[in-house]
Structures are given as C-alpha cells and as structure tokens.
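Student: Take a look at the following structure, please.
The values are calculated or read from the model by the stated rules, or taken from the named source; none is laboratory data. Everything quoted here is computed from the prediction, not taken from an experiment. Neighbour counts run over all protein chains shown; Cβ positions are idealised from the backbone, glycine included. When the accessible area is computed, the model is the full protein with side chains, heavy atoms only, and any ligands, DNA or RNA have been set aside. Shrake-Rupley method; radii C 1.70, N 1.55, O 1.52, S 1.80 Å.
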Amino acid sequence: MITDYLIIGSGIAGLSLALKLSESGTVSIITKKQKAESNTNYAQGGVAAVMDENDNFQLHIADTLECGAGLCNKEAVKKIVYDGPARINELIEFGANFTRLRDELILGKEGGHSRNRIIHAKDLTGKEIERALLDKIARSENIEIYEFYFAIDLLTVKNIKRKNKNGKKCFGIYALNVKNNKVEKIIAGKTIIATGGAGQVYKHTTNPAIATGDGIAMGYRAGCEIANMEFIQFHPTTLYEQRNNDISAQVFLISEAVRGAGAVLKTIKGKEFMQKYDRRKSLAPRDIVARAIDNEMKKSGDPYVCLDLKNIEPERIKKEFPNIYKYCLGKGIDITKQVIPVVPAAHYSCGGIVTDLNGRTNIENLYASGEVTMTGVHGANRLASNSLLEAMVFSNAIFEDVRRETHDVRRQIADKKSNSKELKKIYDNIYNWNEDETENTEEWILISHNKKEIKEIMSDYVGIVRNTIRLERAYRRVKMMKDEIEDFYKKTKVNVDLLELRNLVTVAYLIIVSAMQRKESRGLHYMLDYPKRDDKKYLTDTMLVKS
Ligand code: FAD
Ligand code: SIN
C-alpha cells in the first residue's frame, strides 16, 4: 500500500485528523480491530472546554497546572485551553450531539475543575463523538479505513544529512493484515501514530483490550523520545465485580461526573472519609481520591468502598447517567436506591511519545497525537476530561503543520507528483517482510501466561503506591521476560497475541524504569520511601530513548 498520509488508530485523534488531511491527499487509516473499538468509544464524562460566561481561560489553565503538580508545559496547556472552544464547535459541525437544555450546552463538573466546563452527551460522550466522526468519514472522499490491520513497527532510515536530532526519517510501517495473516509494507509521505493508551498492562483497567501500548513500544523501538511513563492514572471509581476468566476484559467505569452531580464516597460501614484527605472531598483530583480509597481499603481490609448517590434525584440519575444506571441494574444494583461498590483501576497514561507543539516527534515525517503522546499538557497528573480535548487540539496542530509545509498550491501540485514517484521508489526499495527461519508457535500457554504475569507484577508492585524494593523486584522480573519474549519473537511467525505481548512487556519495562528514576512523590507517582515532592532534583520530565 502507498498513501500520502498513514494514520495508525481510529479513535478521536486519528479520525479527527483524517477528516482534515483528506483535503490535501490520500489518507489511509489502519486500525487493529473494528473501526469504533477504541478508548474514545468508552469515554463517559466528556470534554473540558471554556464555553460559559462564568468560566475563563485562566481558570482552566490554573486547574490543569495545579493538577499536573509542577510538570506541565505551560505553553502546551495554554494551547489546549485557548483552542478548546473552536474544537468543540468543530465537533458539533461534524455532527456530534451534546446534551443541551433548549439551545444551551449543559456543562458538567469533574474532580479538580473549579467551574462546570464538561461538554458531554449524557454518560456516553465518547460513543457519540466516535459515531459522528465515523459518519462524517463515511461521507468523505480520499479516506480509506482498513480494519484488522495491526501496525508492527515503523520503517525508518537513518540519514546523517538530516537536520533533526537523531537523523532518522520515517517512511511508513510494517503491518499485519490480520484477516489473511500476511505482513504488508505500507509506505507513506507522513505517518501519524494515534494508537491510544496502555491500560492493559495492568490487571484491572477501564481500557478495552486494544489498549496494549503498541504505539509507545513501536516508537521506543524506532528511537522516539518517550517521557513520563511513571505517571499512570488510576480512576478512583470503577464497579467492583467478580471477574470472568478473560484477562483482557475491561472493568466498568462509574464516571467522575456522578460525583460531580453530588455522589459521595463512603466506607462499607457508611462513613464518609474524603474530608480526611482533601478539602475538595470526593471531588479532589484523581490521584488524591484513588490513593485515599486505596488507603481506606488497606486499613479496613475491605475489598471495595461505596459510592452513595442519595443526594441525586432518582429521575436525574436515570436521565443523565442512563448507561451507568442500566449497566448496574443488570448487575443487580439499583443505583437510585443502593450504593455502588467501587475500586480504583488503571485508566490513563500521562506519558508517551514526546512531541512538540505541532505534534512532531524527533523522527522526520513522523507525528503522534492523543493518549499515545507526552505533549506536556498533563504533567504528573491529568485533569479530568482534558484528554479528548488534547487529542483534538494536537491533531489539528498536525494538520496545520502539514498545511504550512504545503502552503503554496503550485508547490503542492509539483510536490505531489514528485512525492508519489518518490514513494513508489521507496516502496520498491524496502524489503518485504522476511519470515524465513521463523516457525508457527504451539506455545500459546507461554503467551497467555506471560501476559497474566506482566499484569500481576504491574498491579502488585507498580500500582497506586510504590516503593524502591517493589520497583526493583518488578524490574528484575520484567527485564528477564522482555529479553525472553524478544528472543521468542525473532524465531516465531507473528500473530496479534505475540505482537501485543511484545508491546506490553516493553511498556511495562518503560513504566518501571521511569518510576525507578523518580525518587520522590509527585502527582500520580507515590513512593512510600520518598513521600515528599523534591523540586530541586525532579522538576523535570523523565526521558527514555533506546540506545
Ligand atoms: P483511542 O481512542 O484509544 O484510539 C486508539 C486506536 O488505535 C484504536 O482504534 C486502536 O484499535 C488503534 N490501535 C492501537 N494499536 C494499534 C496497532 N498496533 N495497529 C493498528 N491500530 C492500533 N477522556 C476524556 O477526556 N473524557 C472522558 O470522559 C473520558 N472517559 C474515559 C472513559 C473510559 C472508560 C476510558 C477508557 C477513557 C476515558 N477517557 C476520557 C480517556 C480518553 O477516552 C482517551 O484518552 C482518548 O479517547 C484517547 O484517544 P486516542 O484517539 O488517542 O486513542
Ligand atoms: C470519567 O467520566 O470519569 C472519565 C473522565 C476522564 O477520564 O477524563
């Protein structure tokens, strides 16, 4: 396949960018499962943006910076906040129906926000955004979506004459066509990684099975800078339920918007506890609430805490949170009358592939957008509902950057001709995937066992509360598994399970190594043996680059 723009991933970052880039060339989106299957599709609370006269940009900036615990890049934060209203209006133009009262958008509230500023579609915001973007794409020319294509690795060439830092240039990827089990090369003028997060590296996660950190692992192998991987956000409130045997199953989220509407956290015995931890109580930022719940559960030995919705009118619950109401009812809990048993679960990766304010990585012609990135917006802890916003704003920035490059129409036409010739030449020169000396594996047990073990190590030793001994133990085990899996990978014909395992172990390794480097507590990274924040030594991002 040869294409002007290759977008890997069909969540909000990939789809919103595709619609724009299609103005100036052919866009191919590849996605590893069905096109709607993404973290975006499960987003509940909404998108944060300043859309009300009682709110202003400075407040949204201040809330984001406070939550980020000193590590946000202020320019990146200003960028998403100032650009927010334009991106929301664009989504509405694309066809997204957000919750309104008569003509006015209803704005919800979530932890860490000093104002109501969450634009939402009941409690199914992500589904509505995904639907609107996919519908618009179905009506667009120049965009092709390839489902069940799994990006394996980036194709890069080293060119010492290039001005960028590592002298590398990207030409596309190798991808597994899952339906016929063949590896294909996809050559592209520009490649954009929009593969989302890595929640599946933990045992309990809100993320769907696709979230195996493929983009981060792929970027790391290719030489991208990876930063701040220690900052994994645990969502405080997910439904506590008995799990089935599927180790990749996601847990069900109880949106923070429910606490925004008045729900309160209590112990099983019915005692409120958040007042002991923060003046904002149940609506404190997520790191504080998740740690408080973890602490209460450890102290009492209880397997969960409770979310009590008795302050919210039953009719309001059914109207504003119909999905949560229905799901819980299906599990035998009538949330208009009963408390919800909740536990924290891995939710969001604040770290990822480093980009500049235009979405560029350190590799020429390679961009990244969405949860896979570290743009500087979130610092040590993401403010609720800032990630859908960040994805849209940075995808728009990539579009602007590409447009600037091809500004002059005449140059664009001339460039296009030489570009397609150049791409064809590259296609002919790049080796086909070589499967010689690899075998089909019979070792399925090894793959599923390793996946389970990684999740257990990460949940037991690299969770909400960490310490040096636990991290060192996790490092020893994961490093050994990483080497073994890489060895196994080289000898084996690829398939989705093996590729995901290779990526999961790489991401686990990056999280542990980053966590070991930060000997302090900040935002989402809490170390029992270094309980204080140390601005003298650690007011800086944790950077990793493959040597
Ligand atoms: P995704 O939406 O995850 O899309 C990634 C895409 O890449 C998918 O299509 C996937 O299949 C594809 N992909 C991955 N690897 C490969 C590969 N190797 N080859 C090919 N394709 C690949 N954020 C908010 O701001 N507000 C909210 O209310 C909110 N609620 C949330 C609720 C839940 C339950 C979850 C899980 C997250 C929530 N978040 C929320 C976070 C937010 O949804 C995500 O950060 C955001 O959707 C990420 O968008 P994305 O486009 O970067 O990635
Ligand atoms: C939620 O609805 O609680 C999730 C919001 C987010 O992750 O930003």
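Student: Quick one: which residues, 5+ away or cross-chain, put their amide H under 5 Å from the amide H of Val342? H built at 1.01 Å from N.
Tutor: Amide H neighbours of Val342, under 5 Å, 5+ apart: Tyr240, Val305, Cys306, Leu307.
Student: Take the stretch 82-229, compute every pairwise Cα distance, and split them into 10 Å bins from 0; I just need the percent in each bin.
Tutor: Reading the bins upward from 0: 9, 25, 31, 25, 9, 1.
Student: While we're looking at this one, here's another question. What is the gain in length, in nm to one decimal, between Asn177 and Ile247 on full extension, counting 0.36 nm per residue of separation less the C-alpha to C-alpha distance?
Tutor: That works out to 22.8 nm of additional length.
Student: If you find the alpha carbon centre of the stretch 189-236 and of the stretch 289-317, how far apart are they in angstrom?
Tutor: Cα centroid of the stretch 189-236 versus Cα centroid of the stretch 289-317: 28 Å apart.
Student: Related question: Counting only DSSP beta bridges with both residues in the chain, what percent are antiparallel, rounded to the nearest 5?
Tutor: Given both bridge residues lie in the chain, the antiparallel proportion sits at roughly 65 percent.
Student: What angle do you read, to the nearest 10 degrees and between 0 and 90, between the alpha-carbon axis of helix 125-138 and the longest principal axis of the chain?
Tutor: Approximately 30 degrees, to the nearest ten.
Student: May I ask you to give the solvent-accessible area per residue for the chain, in square angstrom, as obtained with a 1.4 angstrom probe?
Tutor: Per-residue accessible area for the chain comes out at 43 Å².
Student: Which log10 I(q)/I(0) values, to two decimals, does the stretch 1-158 give at q = 0.11, 0.14, 0.21 Å⁻¹ under the Debye formula with one point per Cα?
Tutor: Those come out to -0.52, -0.81, -1.29, one per q.
Student: In degrees, nearest 10, range 0 to 90: what is the angle between the Cα axis of helix 444-461 and the longest Cα principal axis of the chain?
Tutor: 50
Student: Let me ask something additional. How are the Cα pair distances of the stretch 1-42 distributed, in percent, across 10 Å bins from 0?
Tutor: For the stretch 1-42, the binned pair fractions read 31, 52, 16, 1 percent.
Student: When the Kirkwood radius is taken over all Cα pairs of the chain, what Stokes-Einstein diffusion coefficient follows at 25 °C and 0.890 mPa s, in µm²/s?
Tutor: Estimated diffusion coefficient is 103 µm²/s.
Student: For the pair Lys546/Ile268, report the inter-label distance in nm, with labels modelled 7 Å from Cα in the Cβ direction.
Tutor: Between Lys546 and Ile268, the simple spin-label model gives 4.6 nm.
Student: Across all directions of projection, what mean area in square nanometres is found for the Cα convex hull of the stretch 146-288?
Tutor: 13.1
Student: Show the residues, 5+ positions off or on another chain, whose built amide H is closer than 5 Å to the amide H of Ala69.
Tutor: Correct list: Ala380.
Student: Percent antiparallel among DSSP beta bridges with both residues in the stretch 8-154, to the nearest 5?
Tutor: Roughly 50 percent of the DSSP beta bridges within the stretch 8-154 come out antiparallel.
Student: Over all directions, how big on average is the projection of the convex hull of the alpha-carbon atoms in the stretch 166-232, in square nanometres?
Tutor: Hull-based average projected area comes out at 6.0 nm².
Student: Right, here's the next one. Provide the per-residue ³J(HN,Hα) series for the stretch 467-480, in order, calculated from phi with Karplus coefficients 6.51, -1.76, 1.60 and θ = phi - 60°, each as a whole number of Hz, with x at glycine and proline positions.
Tutor: 8, 4, 4, 5, 5, 5, 4, 4, 4, 4, 5, 5, 4, 5
Student: Relative to the longest principal axis of the chain, what angle (0 to 90°, nearest 10) does the C-alpha long axis of helix 286-300 take?
Tutor: The two axes meet at around 50 degrees.
Student: What is the pair-distance distribution P(r) of the stretch 34-94, computed from all Cα-Cα distances in 5 Å bins starting at 0, with each bin given as a whole percent?
Tutor: Taking all Cα pairs of the stretch 34-94, the binned fractions are 3, 16, 20, 21, 20, 12, 6, 2, 0 percent.
Student: Suppose only helical runs count, i.e. DSSP H with n ≥ 4. What mean residue ellipticity at 222 nm does that imply for the chain under -39500 (n - 2.57) per run, divided by all residues and rounded to the nearest 500 deg cm²/dmol?
Tutor: Mean residue ellipticity, 222 nm, calculated: -12500 deg cm²/dmol.
Student: Okay, next question. At 1.4 Å probe size, what's the solvent-accessible area of Lys299? Round to the nearest 10 Å².
Tutor: Near enough 130 Å² of accessible area.
Student: For Ile152, list long-range residues whose amide hydrogen, built 1.01 Å from N in the peptide plane, is under 5 Å from its own amide hydrogen.
Tutor: Long-range HN contacts for Ile152: Tyr174, Ala175, Leu176.
Student: Given +1 on the Cβ of Lys and Arg, -1 on the Cβ of Asp and Glu, and no further charges, what dipole in debye does the chain carry about its Cα centre, rounded to the nearest 20?
Tutor: With only Lys, Arg, Asp and Glu charged at Cβ, the dipole is about 820 debye.
Student: Need the C-alpha centroid separation for the stretch 516-535 versus the stretch 95-157, integer Å.
Tutor: A separation of 34 Å, based on Cα centres.
Student: Nearest 0.05, what FRET efficiency do Tyr431 and Arg404 give at R0 = 25 Å with Cβ-Cβ as r?
Tutor: Plugging the Cβ-Cβ distance into 1/(1 + (r/R0)^6) gives 0.15.
Student: Now for a different question. I need to check one value: relative contact order of the stretch 199-351, counting alpha carbon pairs closer than 8 Å and at least 6 residues apart, in percent.
Tutor: Once normalised by length, the contact order is 35 percent.
Student: Right, next: Which whole-Hz ³J(HN,Hα) couplings does the stretch 274-284 yield from phi under the Karplus relation 6.51 cos²θ - 1.76 cosθ + 1.60, θ = phi - 60°, glycine and proline marked x?
Tutor: Computed from phi, the couplings for the stretch 274-284 are 5, 4, 6, 10, 7, 5, 7, 6, 5, 10, 5 Hz.
Student: Whole-Hz Karplus ³J(HN,Hα) for the stretch 110-115, in order, using 6.51 cos²θ - 1.76 cosθ + 1.60 and θ = phi - 60°, x for Gly and Pro?
Tutor: 9, x, x, 8, 7, 9
Student: Please report the carbon-and-sulfur percent of the accessible area for the chain; probe 1.4 Å, protein heavy atoms only, DNA, RNA and ligands left out.
Tutor: Carbon and sulfur together cover 49 percent of it.
Student: Quick check on packing: order 364-371, 520-527, 110-117, 428-435 by the mean number of other C-beta atoms within 10 Å, highest mean leading.
Tutor: 364-371, 520-527, 110-117, 428-435
Student: From Cα pairs below 8 angstrom and at least 6 apart in sequence, can you work out the relative contact order of the stretch 27-126, rounded to a whole percent?
Tutor: 42 percent.
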